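Participant: Starting off with a structure, shown below.
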Amino acid sequence: MKVRIKYYAKYRETTGKKEEEMEISSVTIGELIEVLKKKYPSLANERGSIIAVNNRFTKDDVPLSDGDVVSFFPPVSGG
């Protein structure tokens, strides 16, 4: 299955990419995250990411489908 992954803010800096297409055998967001941690080891320590699939915020147990667009945003804080 092929998915497009978009990176925002510090994730863009960490990966050196704005976005990429990947051919994956993973079926959930959580499994995709594990693949990305192996590809980009500096992502392994990241916690609290905000994840969207096809522009809808979601959790890591959501199944992926061919052609999905997965966006990763860093945690947001403010006052």
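Participant: Can you tell me how many residues within the stretch 34-79 are part of a loop (DSSP other than H, G, I, E, B) and either within 21 Å of LYS2 (Cβ to Cβ) or not β-branched (Val, Ile, Thr) (or both)? Don't jump to the end; show me each part of the working.
Facilitator: The first filter runs over the stretch 34-79 and keeps only residues part of a loop (DSSP other than H, G, I, E, B), leaving 40, 46-49, 54-55, 59-62, 64-68, 74-79.
So of that shortlist, the ones also either within 21 Å of LYS2 (Cβ to Cβ) or not β-branched (Val, Ile, Thr) (or both) come out as 40, 46-49, 54-55, 59-62, 64-68, 74-75, 77-79.
Qualifying residue count, the stretch 34-79: 21.
Participant: Just to be sure, is ILE50 in contact with a strand residue (DSSP E or B) (Cβ under 7 Å, 6 or more places away or on another chain) and within 16 Å of PHE73 (Cα to Cα)?
Facilitator: Yes; evaluated as a whole, the condition is true for this residue.
Participant: Given the structure, is ARG4 over 19 Å from ASP68 (Cβ atoms), of a type in the set (D, E, K, R) and either out of contact with any Phe, Trp or Tyr (no Cβ under 7 Å at 6 or more places or on another chain) or not in a helix (DSSP H, G or I) (or both)? Break it down into steps so the answer makes sense when it comes.
Facilitator: Working: over 19 Å from ASP68 (Cβ atoms): no; of a type in the set (D, E, K, R): yes; either out of contact with any Phe, Trp or Tyr (no Cβ under 7 Å at 6 or more places or on another chain) or not in a helix (DSSP H, G or I) (or both): yes.
Against the criterion (over 19 Å from ASP68 (Cβ atoms), of a type in the set (D, E, K, R) and either out of contact with any Phe, Trp or Tyr (no Cβ under 7 Å at 6 or more places or on another chain) or not in a helix (DSSP H, G or I) (or both)), ARG4 does not qualify.
Participant: Another one. Could you check, for the stretch 16-28, whether at least one of its residues is open to solvent by 60 Å² or more (accessible area, probe 1.4 Å), modelled with pLDDT under 90 and out of contact with any Leu (no Cβ under 8 Å at 6 or more places or on another chain)?
Facilitator: So far as the stretch 16-28 goes, yes, one or more of its residues are open to solvent by 60 Å² or more (accessible area, probe 1.4 Å), modelled with pLDDT under 90 and out of contact with any Leu (no Cβ under 8 Å at 6 or more places or on another chain).
Participant: Hey, ARG4 hits all of (1) without any contact (Cβ under 8 Å) to a residue 24 or more places away in the chain; (2) open to solvent by 70 Å² or more (accessible area, probe 1.4 Å); (3) among the basic types (Lys, Arg) but one; which does it fall short on?
Facilitator: Single failed check for ARG4: (1).
Participant: Out of contact with any Ser or Thr (no Cβ under 6 Å at 6 or more places or on another chain) and free of Cβ contacts under 8 Å to residues at least 40 places away in the same chain: is that true of VAL69 in this structure?
Facilitator: Numbers: out of contact with any Ser or Thr (no Cβ under 6 Å at 6 or more places or on another chain): yes; free of Cβ contacts under 8 Å to residues at least 40 places away in the same chain: no.
No, not satisfied.
The values are calculated or read from the model by the stated rules, or taken from the named source; none is laboratory data. The structure presented is a predicted model; accordingly, all values stated were derived computationally and were not measured. Cβ atoms come from the backbone with ideal geometry, glycine included; neighbour counts cover every protein chain shown. Quick note on the areas: whole protein, heavy atoms, side chains included, nothing else; ligands and nucleic acids left out. Shrake-Rupley method; radii C 1.70, N 1.55, O 1.52, S 1.80 Å.
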